[in-house]
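No lab work stands behind these numbers, since they all come straight from the coordinates. These numbers come from a predicted model, not from an experiment. Every residue, glycine as well, gets a Cβ built from its backbone with ideal geometry; the counts of neighbours run over all protein chains shown.
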């Protein structure tokens, strides 16, 4: 059943303190340009509590103070290389969900439900430089619980940067200050922007890809308990005899299952997103503004001798991640930059090779962001563009949940894979196909 969503109020929120004229122009890096085709959507769900009153006026005021720290977020795109920090503000929408308690929604939550909780379409067909960098929708449920949903333009922030923003915002809302360290940085010396860049064409291409893929992908949420993850780490020992990390072990397990479900392909490539902030020299603060991501590729080819195992893949995953160093990034820049490197990865024959992408947010404390209402009971990045891939998140008890998007035939094979299902503690269907866009989008 669709949500009954009633807009209570829509406002423009500006920075609490004006941005100095000396900081008026924020430079976009080459990675910012590549990523700036859509908005990243994240949702944080909070139970109601007697002592934890959800004061939305207070939330709006703390957002204003946060914008003074992350001042480019309140600006507008000036051109393909610059954000003009003019303090024009962001959208802040208050909504009442009148036909669901939060606990009921979480049991049956679909991608279509998540879309209704967002302030605007994260995949606009046309690039509009006057559109706010950030939209916030505060959804109040019938029970008093709250979903804080944000859409932040990817050209100014990757997942880690969004984490820094929400961490600062929640700390300010608790009355603990925020904004320690230099969270607005200049990455153009490392990743010089492409000249005369125009966001219109890539924005349209990305939106068209998402909105014309209807019926091709189903999405499910698979939860793995901490004990099961630890068993994987014990079983999938690396070539150097060390245990893999939790994410490495689960990634090998998931990739092996997807390979078994795609038996017709002879070569499989796992694409993973790696955060560069601590890998560069000099390094950057862990959740500073901007995009500091790089994709790694691990490969597996069938030799016809036997089936694939997670043990045979975990070393390939570790090796691909280890290659990403500051020196490696510098070499890429000399050879033509990140754009050229991404084009090389995309140049493989997609008919002969099966790609699977994994993006992990387990290394960031999203599940701990407390606005003074206690920690969220659930957090996720909305999986609208999740095609042939998985997003990984920590659970509150130390496990990991994986939201996976696959074509229905492959998902059906995964659903019948006993080796896969034996390790899963719960499964939730989030969509059998890409949802139809509401008429107001």
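Restricting to DSSP H runs of at least four residues, report the calculated mean residue ellipticity at 222 nm for the chain, -39500 (n - 2.57) per run over all residues, nearest 500 deg cm²/dmol.
Value at 222 nm, helices only, nearest 500: -8500 deg cm²/dmol.
Mind checking the full-extension length gain between residue 108 and residue 227? Use 0.36 nm per residue of separation minus the Cα-Cα distance, one decimal, nm.
Computed gain between residue 108 and residue 227 is 40.3 nm.
Could you identify which residue out of 408, 20, 202 has the top mean-square fluctuation in a GNM of the chain using Cα springs shorter than 10 Å?
Among 408, 20, 202, the largest GNM mean-square fluctuation belongs to 20.
Pull out a ≥ b ≥ c, the square roots of the eigenvalues of the alpha-carbon gyration tensor of region 215-431, then state rounded if a/c is under 1.5, prolate if not and a/b is larger than b/c, and oblate in the remaining case.
Rounded, because the longest to shortest axis ratio a/c is under 1.5.
How would you rank 307-313, 155-161, 204-210, highest first, on the average number of other Cβ atoms within 10 Å across their residues?
Output ranking for 307-313, 155-161, 204-210: 155-161, 307-313, 204-210.
Semi-axes, largest first, in whole Å: what does sqrt of 5 times each Cα gyration tensor eigenvalue give for the chain?
Values for the chain, descending: 34, 27, 21 Å.
What length, rounded to one decimal in nm, is gained on full extension from residue 426 through to residue 205, with 0.36 nm per residue of separation minus their alpha-carbon distance?
Going from the current span to full extension adds 76.0 nm.
What FRET efficiency do you get for residue 11 and residue 237 if R0 is 35 Å and r is their Cβ-Cβ distance, rounded to the nearest 0.05?
The calculated FRET efficiency here is 0.05.
Say R0 is 45 Å: what FRET efficiency, to the nearest 0.05, do residue 419 and residue 21 get from their beta-carbon distance?
E between residue 419 and residue 21, to the nearest 0.05, is 0.15.
Stretched out fully, how many nm does the piece from residue 263 to residue 189 gain, at 0.36 nm a residue minus the Cα gap?
Taking 0.36 nm per residue and subtracting the Cα distance, the gain is 22.2 nm.
Only Cα pairs within less than 10 Å get springs; with that Gaussian network setup on the chain, which residue of 105, 67, 392 has the largest fluctuation?
105
Given axes a ≥ b ≥ c from the Cα gyration tensor, I'd like to know whether region 41-96 is rounded (a/c under 1.5), prolate (a/b larger than b/c) or oblate.
Verdict is prolate for region 41-96.
Roughly how many nanometres apart are two label points built 7 Å out from the Cα toward the Cβ at residue 96 and residue 286?
4.1 nm
Name the shape class, rounded, prolate or oblate, that the alpha-carbon gyration tensor gives for region 209-320, where a ≥ b ≥ c are the square roots of its eigenvalues, rounded holds for a/c under 1.5, and otherwise prolate holds if a/b is larger than b/c and oblate otherwise.
Oblate is the answer for region 209-320, as a/c is 1.5 or above yet b/c matches or exceeds a/b.
Quick one: go through region 164-179 and flag any residue whose amide nitrogen is under 19 Å from the point 7 Å out along the Cα-to-Cβ line of residue 55.
168-178
For labels at residue 368 and residue 299 in the simple 7 Å Cα→Cβ model, what's the distance in nm?
So the two model labels end up 4.0 nm from each other.
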